[in-house]
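Beneath this line is the structure, given in structure tokens, with notes to follow.
Every number in this text was worked out from the coordinates using simple rules, so none of it is lab data. Quantities reported herein were computed from a predicted structural model and do not represent experimental measurements. Positions of Cβ are generated from backbone atoms using ideal geometry, with glycine treated the same way; all protein chains shown enter the neighbour counts.
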Amino acid sequence: MVTIEAAKAAVKAGSATELAEQHYGLIAAEDGANGKGINSFLALSRDRALAQAARVDSGELTGPLAGVPIGIKDVLTMIGVPATAGSKILQGYMPPYDATAVTKLEAAGAVLLGKINCDEFAMGSSNENSAYGPVKNPRALDRVPGGSSGGSAAAVAAGFAVATLGTDTGGSIRQPAAFCGVVGLLPTYGRVSRYGLIAFASSLDRVGPFTANVADAATMLSVLAGKDPLDATSADRPVDDYVGALAKPVAGLRVGVPEEYFGEGLDDDIRIAIEKVLDGLKAQGCILVKVSLPHTKYGIPAYYVLATAEASANLQRMDGVRFGPRSKDGNTLSSMYRKTREEGFGPEVKRRILLGTYALSAGYYDAYYRKAQQIRTLVTRDFLQAYEQCDVMIGPVTPTPPFKLGEKTDDPLQMYLADVYSVAASLAGICGMSVPCGTTRDGLPIGVQVMGPHFGEATMLRVGLAVEAMQA
Ligand code: GLN
């Protein structure tokens, strides 16, 4: 893995163009079937990247990410580069605009290498729902990289990109970061613009970075954060100095330990690793506080009702008229819609559209959708109450280490349960991050989840840095 600092030093010593070429060389050698078959990149934006690198090399473009090679999850749009969202239904779709996150990265000097594999419409926990094949975990090639931003985590872990963008609706940044041994940051809902993000569940979707270390996550977030007039849900509040915050010690901070995150089903090696983190924070002067998030167990059912309900509405626009390929078989408008969607969507996406449509339908709305909304309020209240007693919280990201490719593909419920520690923060809109904290006895990466209150990224990053420092 290469840090932003190392990448900038390489640009200085050589050039941004050389650095971009080096990364393309590594991708060519290792990402494809003739290499390790990691399969993280779906499209390379070579011309655009090299034009940007030339602007950096000429001195025309400076900035905190000048010349740094970065990859973009293929649910965010870039002009001139196909956007598939990991789905066949968008194959060949060329978006006419850039996502705001893309615009901001380029304004900061980043060289965008291309678009990265993910679960179809970001639905999944293993990247096995991509229409363009699964991604392998660079740390253990027979294992999944996590999902849905599996390719984004894998690309950083493999050194194909210095940083990447992912999205997280119910865990899709934190879980793959944990599985691949990289840092993944979920900003507070509204902190980073969603403009140009192909929507899965709009009230939950967030854009955030994957990086090699915590300092890089702070740098990326400071570039990405801020109000965007193109996204009405982006927050109009000042952006904190995330990089500056890292200099402050953590002594005196109150670290909440939610009892519900250490119960049955948590892998022993993960439990031990997290307990070590807690001991280390205590040794640095943090005050450990036991807290309770009593509605945690309702998080998964509520999330899978709300996320599928929103997805069923958002995906109505995928009908073969405006985006992507159209079925050749339909001979009426409605049969064309049906055939296009039947051919274009994969099985998990179809399952979710059916679930979500059911949860929203007359007669079931009160029992499912409204109930799930009420649970969302209770889950959020749990966090607000717990944050009266602590500044951040620590827990696991995932109940198990990365599982084998194919291990859970036949059992969607098992797959959904992998999100048990991540969905509550998603429902509540708070920020969270996964920081590497060692390995299992089999050498598989473990991540610890640091959660902060709404807009508490600066403090969360400080604690993340303290956790990282302990690993050395
Ligand atoms: N694994 C969860 C799901 O399948 C979360 C996905 C995400 O955060 N995009 O919905």
Study note, to complete from the structure: Hits for the chain under the membrane-span-like helix rule (DSSP H, Cα axial span at least 18 Å, Kyte-Doolittle mean at least 0.5) are 299-314, 457-471
Practice item. For the chain, give the share of DSSP beta bridges that are antiparallel, in percent and rounded to the nearest 5; count only bridges with both residues there. Key: 65 percent
**Study point:** Segments 126-134, 413-421 sorted - mean Cβ within 10 Å per residue, highest first
**Key:** 126-134, 413-421
Practice item. Enter the mean projected area of the convex hull around the alpha-carbon atoms of region 224-360, in nm², rounded to one decimal. Key: 13.8 nm²
Exercise for review: May I ask you to work out the translational diffusion coefficient for the chain at 10 °C, viscosity 1.306 mPa s, via Stokes-Einstein with Rh from the Kirkwood sum over Cα pairs, reported in whole µm²/s?
Suggested key: 72 µm²/s
Review point. For the chain, what is the relative contact order in percent, using Cα pairs closer than 8 Å and at least 6 residues apart in sequence?
Key: 17 percent
Review point. Highest mean first, what order results for 315-323, 1-9 on Cβ atoms within 10 Å?
Key: 1-9, 315-323
**Study point:** Value of relative contact order over region 116-268, rounded to a whole percent, pairs C-alpha under 8 Å and six or more apart
**Key:** 17 percent
Study note, to complete from the structure: Counting only residues 5 or more apart in sequence or on a different chain, those whose built amide H sits under 5 Å from that of Ser126 are Gly147
Practice item. Would you calculate a helix-derived [θ] at 222 nm for the chain, using -39,500 (n - 2.57) for each DSSP H run of n ≥ 4 and dividing by the full residue count, to the nearest 500? Key: -11500 deg cm²/dmol
Point to revise | region 412-472, relative contact order [Cα under 8 Å, separation at least 6], % | key: 29 percent
Review point. Looking at Ala425, Val239, Tyr337, which one has the Cα that reaches farthest to the positive end of the dipole of the chain (charges on Cβ: Lys, Arg +1; Asp, Glu -1)?
Key: Tyr337
Study note, to complete from the structure: Any residue on another chain or 5+ positions along whose placed amide H is under 5 Å from the amide H of Gly432 is listed here as Leu186, Gly452
Review point. Which value in nm describes the separation of the simple spin-label points at Ala29 and Thr377, placed 7 Å from the Cα toward the beta carbon?
Key: 5.8 nm
Study note, to complete from the structure: Over all pairs of different Cα atoms in region 128-243, the reciprocal of the mean inverse distance gives a Kirkwood radius in Å of 14.4 Å
Point to revise | Whole-Å distance, taken between Cα centres, linking region 117-181 and region 322-362 | key: 26 Å
Revision key, fill the gap. Region 340-400: Kirkwood hydrodynamic radius (Cα pairs, Å) comes out at 14.9 Å
Practice item. Find out how many positive minus negative residues lie around Ile272, taking Lys and Arg as positive, Asp and Glu as negative, among other residues whose Cβ is under 14 Å from that of Ile272. Key: -3
Check your understanding: How do 452-464, 182-194 rank on mean C-beta neighbours within 10 Å, highest first?
Key -> 182-194, 452-464
Practice item. Could you work out how far apart the two model spin labels at Arg441 and Gln316 are, taking each label as a point 7 Å from the Cα in the direction of the beta carbon, and quote it in nm? Key: 5.4 nm
Point to revise | Interchain or long-range residues, amide H under 5 Å from Val255's placed H | key: Ile287, Leu288, Val289, Asp391
